[in-house]
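Before any comments, here is the structure.
The values are calculated or read from the model by the stated rules, or taken from the named source; none is laboratory data. As the structure is a prediction and not an experimental result, all values here were calculated from the model. Note that each Cβ is placed from the backbone with ideal geometry, even for glycine, and that neighbours are counted across all protein chains shown. The area values use the complete protein model at the heavy-atom level, side chains included, leaving out ligands, DNA and RNA. Shrake-Rupley method; radii C 1.70, N 1.55, O 1.52, S 1.80 Å.
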Amino acid sequence: MTFAEALRLAMKERGIKQVHIVKATGLSDAYVSMLVNGKVEDPKFSTAEAVIHALGMSLDEFSALRKS
């Protein structure tokens, strides 16, 4: 599962909208949209970590989701 696929699934499961991630991380609307839509295939670790924490997940939880 790609980062974008896991991100969309986690957002859906938790009822989180892109705007929440934007506010929680300080990333731009456009960049979060690119992450969600798979335009950024492999984000920097610090960016991925911020997004994952904005989802209320640990890195291990997100990693497990990507492996499923």
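Could you do me a favour and compute the accessible area per residue for the chain, 1.4 Å probe, result in Å²? Each step should come with its number before you reach the end.
Values: 4210 Å² over 68 residues.
For the chain, the solvent-accessible area averages 62 Å² per residue.
In a reduced charge model with +1 at each Lys and Arg Cβ and -1 at each Asp and Glu Cβ, the chain shows a dipole moment near 180 debye about its Cα centre.
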